[in-house]
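Where a number appears in this text, it was derived from the coordinates with a stated rule and is not lab data. This is a predicted model, so every value here is computed, not measured. Note: ideal-geometry Cβ built from the backbone for every residue, glycine included; neighbour counts use all protein chains shown.
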Amino acid sequence: MHLPPFKLEHYFARYEFTVPFVMCSSDCETLSVHELLSLEPDAAKELQDLRLGYTESLGNPVLRKEIASLYDEVHADQVLIHTGAEEPIFNFVNSTLQAGDHMIIHWPSYQSLFEVARSVGCEVTKWETREQDRWELDVDFLKDNLRANTRVVIINCPHNPTGYLMTKGKQQEIDRLSREHGFIIFSDEVYRFSEYRDEERLPGWCDLNETAVSLGVMSKTFGLAGLRLGWIATRNRKVYEEMAGFKHYTSICNSAPSELLAAVALRNRGTIASRNRKIILENLDRLNSFFARHDRLFNWQFPKAGPIAFPSLTDGRDVEKFCHDLITQAGVLLLPGSVYSVAGSNFRIGFGKKDLPLCLEKLEGSLHLLA
């Protein structure tokens, strides 16, 4: 197996912890351990009394039950806990796909969602979306590009980095194609529960389709990236068992403290998600005003969910140079679209953190770099 450098992660590794104004984070405002434990009266004692031995490979049964409650049709024995989101992506591809299989992927995309598949010999077709189409998925493109060997279609909704959210009608169209053609839907749902309107939230794909796999994580909507805890939920028993077996070659089992803390968070998910959505919506108001003031310099598409968006520079300005100049001259970190292998002048902006007003003020004071 050969994997190329992970562009986005290399970029963050270089700058994320050295630049003072990080304005492209993909996660929401986090909590301290004290703040999280204070959400339940007995949680602190439970953590202090926790035995630090090995945990169950499938995941703590209490946590699996809490995760199952996020869905309508999934039970605890259909949830498999992993370390973050990277591990389940890696394990799904390696246990489900093989050389010669064809995969179609929602694009732009997080790099591991397609590079791991390429590394095992899969053919990958990009299901490209465009800024001028408001990042809308074209179902006709999917129909036209399905092959006899199309094994998996990867969808990311709410979408990273654009904030796109498909309609329930479009989801049902794709579901019908999955049933008709027999491909598995692997659905990256790490931003679920960060929709700006509850009524626009999509059903988890694992609820809608018996063969689909839903990916979730504690990092994004819940802001608990430091727990390094994710999961898949699926009613597809064959995929589940293959992934559970493959996990014996990766993490084997998960961190006991992380599983306990994640269970506390999910029992209080309404409180945490509501707090973070409030931060997101307040920051979106600020961004709308900012981009309206500077529409000569930026194109702005209002996102539909999540704490990230993918605006662009006008007139084909060099986005890599702009982002580099911001880092070196102003200490502001934005993420150029090139780390997603996207041509053009898009960049990712993050607005799920409380410090967005300060970052935005610093950015506004640095716009002379675009002159």
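Tabulated data for the structure shown
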{"quantity": "The chain, relative contact order [Cα under 8 Å, separation at least 6], %", "calculated": "25 percent"}
{"quantity": "Pairwise FRET efficiency - Arg147 versus Ser57, Cβ, R0 = 22 Å, nearest 0.05", "calculated": "0.05"}
{"quantity": "Nearest-0.05 FRET efficiency for Asn288 and Asp138, computed from C-beta distance (R0 30 Å)", "calculated": "0.65"}
{"quantity": "Interatomic Cα distance distribution for segment 18-102, bins of 10 angstrom, percent", "calculated": "12, 26, 37, 20, 5, 0"}
{"quantity": "Computed log₁₀ I(q)/I(0) - Debye formula, equal Cα scatterers, no solvent, segment 53-269, q 0.11, 0.16, 0.19 Å⁻¹", "calculated": "-0.49, -1.08, -1.53"}
{"quantity": "Extended-chain gain in nm, criterion 0.36 nm per residue less alpha-carbon gap, Glu364 and Leu3", "calculated": "126.2 nm"}
{"quantity": "Ranked Met103, Met166, Met218, Met1, criterion: other C-beta atoms within 10 Å, fewest first", "calculated": "Met1, Met166, Met103, Met218"}
{"quantity": "Calculated P(r) of segment 182-319 - Cα pairs past 19 Å, %", "calculated": "63 percent"}
{"quantity": "Vicinal HN-Hα couplings computed from phi for segment 244-251 (Karplus, 6.51 cos²θ - 1.76 cosθ + 1.60; Hz; Gly/Pro x)", "calculated": "4, x, 5, 4, 5, 9, 10, 7"}
{"quantity": "Most to least packed among 349-361, 143-155 [average Cβ atoms within 10 Å]", "calculated": "349-361, 143-155"}
{"quantity": "Under 15 Å from the Arg179 label point (7 Å along Cα→beta-carbon), backbone N, segment 128-169", "calculated": "169"}
{"quantity": "Shape call, the chain: gyration tensor on alpha carbons, a/c limit 1.5", "calculated": "oblate"}
{"quantity": "Among Phe92, Thr162, Leu287 - extreme Cα towards positive end, dipole of the chain, charges at beta-carbon", "calculated": "Leu287"}
{"quantity": "Whole-angstrom gap from segment 211-273 to segment 59-73, using each part's C-alpha centre", "calculated": "9 Å"}
{"quantity": "Where a label projected 7 Å from the Cα of Arg197 along Cα→Cβ would reach, residues of segment 293-307 with amide N under 16 Å", "calculated": "302-306"}
{"quantity": "Bridge type composition, the chain - antiparallel percent by DSSP, nearest 5", "calculated": "45 percent"}
{"quantity": "The chain, helix-only ellipticity at 222 nm - DSSP H runs n ≥ 4, -39,500 (n - 2.57), divided by all residues, nearest 500", "calculated": "-11000 deg cm²/dmol"}
{"quantity": "Cross-link reach list, lysines versus Lys238, counting only Cα pairs under 20 Å and skipping chain neighbours closer than eight places", "calculated": "Lys247"}
{"quantity": "Above-threshold pairs, the threshold being 31 Å between Cα atoms, out of Lys126/Lys354; Lys304/Lys354; Lys7/Lys362; Lys168/Lys220; Lys7/Lys220; Lys143/Lys278", "calculated": "Lys126/Lys354; Lys143/Lys278"}
{"quantity": "Cα shape, segment 156-248, gyration tensor, a/c 1.5 rule", "calculated": "oblate"}
